[in-house]
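The values are calculated or read from the model by the stated rules, or taken from the named source; none is laboratory data. Quantities reported herein were computed from a predicted structural model and do not represent experimental measurements. Neighbour counts run over all protein chains shown; Cβ positions are idealised from the backbone, glycine included.
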Amino acid sequence: MMSDSKYHEIDAVHEKNLKGLLESLGLLEDVEKGRINCNFCGKTITLENLQCIYPKNDEIIFCCDDVKCFEQALEDSKKVKTDV
């Protein structure tokens, strides 16, 4: 059994459900048409390079699959959880 200090809640969406999630957020068309950019490097987000998304201050943060961007997203998302 994991101790509480090592337990972290993770919400995940399987790749096969990604379109449904984006559709429910009203963002699928924007992603498919190249209207969304990575919040960290500015690269256009596609269904193929989308690494993660998470809410922050009433907006959705998008991160591409670049390792540096993902590391920044992890640090940024930690701040979101601790600010709550």
Q.
Can you tell me which residue is modelled with the lowest pLDDT among those in the stretch 1-30 that are basic (Lys, Arg) and farther than 16 Å from Tyr54 by Cα?
A. Lys6
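Residue-wise test of (1) surrounded by fewer than 16 Cβ atoms within 10 Å (Cβ to Cβ); (2) touching a residue at least 40 places away in the same chain (Cβ under 8 Å); (3) farther than 22 Å from Asn17 by Cβ.
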residue: Val31; (1), (2), (3): no, no, no
residue: Gly34; (1), (2), (3): yes, no, no
residue: Cys38; (1), (2), (3): no, no, no
residue: Gly42; (1), (2), (3): yes, no, yes
residue: Leu50; (1), (2), (3): no, no, no
residue: Asn57; (1), (2), (3): yes, no, yes
residue: Cys64; (1), (2), (3): no, no, no
residue: Lys68; (1), (2), (3): yes, no, yes
